[in-house]
Amino acid sequence: MDSLSSKRILITGGTGFLGSNLVAALGRVGCKHLLVFHSSEYDLRNPVETARLFDDTGPQIVIHLAAAVGGIGANRASPGRFFYDNLMMGVEVIEQARLHKVEKVVAIGTVCAYPKFCPVPFREEDLWNGYPEETNAPYGMAKKMLLVQAQAYRQQYGLNSIYLLPVNLYGPGDSFDPEKSHVIPALIKKCFDAIHAGADHIDVWGTGAASREFLYVEDCARAIVLATQHYEKPEPINLGAGREISIRELVALIGELCGFRGEIRWDSSKPDGQPRRCLDVSKAEREFGFRAQTDFRDGLRKTIEWYRERVAGL
Ligand SMILES: NC(=O)c1ccc[n+]([C@@H]2O[C@H](COP(=O)([O-])OP(=O)(O)OC[C@H]3O[C@@H](n4cnc5c(N)ncnc54)[C@H](OP(=O)(O)O)[C@@H]3O)[C@@H](O)[C@H]2O)c1
C-alpha cells in the first residue's frame, strides 16, 4: 500500500497496553495523523457511537485493538462479557469500515482462538481444527469471528482486511491489576508483595506443567506496523517469538529476577489453562519480514524495572 505516513489511521484500543506501544511505533515510521480515543468517548459496543466515531474521524486505515482482555481469572469470572464485548466491538468496527470505504482494516485476534489441543508449534492452517480451551473459549471465539467477518467482507465487498494472531504479550505498561492481569504481571506482583510482607512463600495457580510463549509488546507493535505496510492477504498470520517456556520455569525465572528467594506453592485446584502454547512464526517472517528481537530475560528485566519504579515503589 502507499506510504502509511500520510494516512489518517484510527487505532481502536490505542490507549491500552498494546495500543500505546503501537501509537509510538507508528510515530517512529513517520505517521502523524493518528486517531486515538477512550471508550468513554465512543463505546464500540454501541452501533450508534461506532458510526459517530467513523463520521467524526474519517479514517483511511483502521487498526482494531479495542477489546475486553484479561487472564484466566477474569475470563472465568466474566465469560459472557468477554464474548459480548469482543464480538460486538469487532462486528461494528468492521461494518463501519465497510460503510466508510476504509482502505485497509487490520484486525487483532489472539492465540486464545487456537484449539485446546493443537499440534505444536501452532500453524495458522490448524486454527479451525478444534474448540479453544474452555477458560478462554468465549473470548477466543468472539475474536475468531472477526476473521470470518474480515474474510467474508473481502469476498463480498472487496474490503481490504487482514487478521493477525498475537501470542501472550508482556512488557512495561502491562496491567498489574489482579482482577485482569495476565500471568507475567501477576507473578511479578506476587513476588514483590511477598518480599514487601516478608513472606516465605508465594501461591501460584495450577501445576506449572503448562507452557506458554511470550512476545515483548514493542516487538508486537512493530509487527503490526510491518503487516499494515506490507501484508494484503486474507489468511491469518501468527505473531510470536517462536519459543516456549513452562510455567514452572517462568515462575523460577521471575522469582530470580525480582529477588524473591522463598518457596513456590502450587495450587493444583486452580486451572492450568491451555496445556501448551507456541506459535509457528515463519509465515510472518516470510510475508512481511517480522522476527521478534527482544531477548526474554531482557524483556522481563525491563518489565520488572518498570513495575519496581512506577508501581511498587520498592
Ligand atoms: N495483552 C495480551 O497478552 C494480548 C495477547 C494477544 C492478543 N491481544 C489483543 O491485543 C489487543 C490489545 O490488548 P491489550 O492487552 O492492549 O488490552 P488493554 O490494555 O486492556 O486495552 C484495551 C483497550 O480497548 C479499549 N476498549 C475496551 N472496551 C472498549 C469499548 N467498549 N469501546 C471502545 N474501546 C474499548 C480500552 O479503552 P479504555 O481504556 O478507554 O476503556 C483500551 O484502549 C486486544 O485486541 C487483545 O485481544 C492481547
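Values quoted throughout were computed directly from the atomic coordinates according to the rules given, and no laboratory measurement underlies them. Keep in mind that what you see is a predicted model, and the values were worked out from it rather than measured. No Cβ is skipped: glycine too gets one built from the backbone with ideal geometry, and neighbour counts run over all protein chains shown.
What to note about this one:
- The chain - convex hull of the alpha-carbon atoms, volume per residue in Å³: 125 Å³
- Translational diffusion coefficient (Stokes-Einstein; Kirkwood radius from C-alpha pairs) of region 104-210 at 37 °C, 0.692 mPa s, in µm²/s: 200 µm²/s
- Fewest neighbouring Cβ atoms within 10 Å first, the residues 143, 233 line up as 233, 143.
- Look at the dipole of the chain built from charges on Cβ: of 257, 197, 108, the Cα furthest out on the positive end belongs to 108.
- Simple spin-label estimate for residue 197 and residue 151 in nanometres, 7 Å along Cα-Cβ: 4.7 nm
- Percent of Cα-Cα distances greater than 23 Å, calculated over region 142-284: 46 percent
- Charging the Cβ of each Asp and Glu at -1 and of each Lys and Arg at +1, and nothing else, the dipole of the chain about its Cα centre rounds to 300 debye.
- Stretchable slack from residue 120 to residue 84, in nm (0.36 nm times residue separation minus alpha-carbon distance): 10.0 nm
- Gained length - residue 305 relative to residue 39, 0.36 nm times residue gap less alpha-carbon distance: 92.8 nm
- Given the chain, longest segment not containing exposed loop chymotrypsin sites (Phe, Trp or Tyr not before Pro) (DSSP; at most 14 other Cβ within 10 Å): 129-314
- Trypsin sites (Lys or Arg not before Pro) within region 51-121: DSSP coil, no more than 12 neighbouring Cβ in 10 Å: 101
- Additional length obtainable on full extension of the chain from residue 129 to residue 15, 0.36 nm per residue less Cα span: 37.7 nm
- Cross-link pairs beyond the 21 Å C-alpha cut-off, checked among 101/233; 104/144; 32/144; 104/233: 32/144
- Evaluated at q = 0.26 Å⁻¹, a Debye calculation over the C-alpha positions of region 237-314 (equal weights, vacuum) places log10 I(q)/I(0) at -1.20.
- Share of pairwise Cα-Cα distances greater than 22 Å in region 12-83 is 31 percent (whole percent).
- Paramagnetic label reach from residue 209 (point 7 Å along Cα→Cβ; backbone nitrogen cut-off under 12 Å): within region 262-298, residues 268, 272-273, 275-276.
- Panel order for 251, 62, by other beta carbons found within 10 Å of each beta carbon, from fewest to most: 251, 62.
- By DSSP, the beta bridges lying fully in the chain are antiparallel in about 5 percent of cases.
- When Rg and Dmax are taken over the Cα atoms of region 1-134, they come to 16.1, 45 Å.
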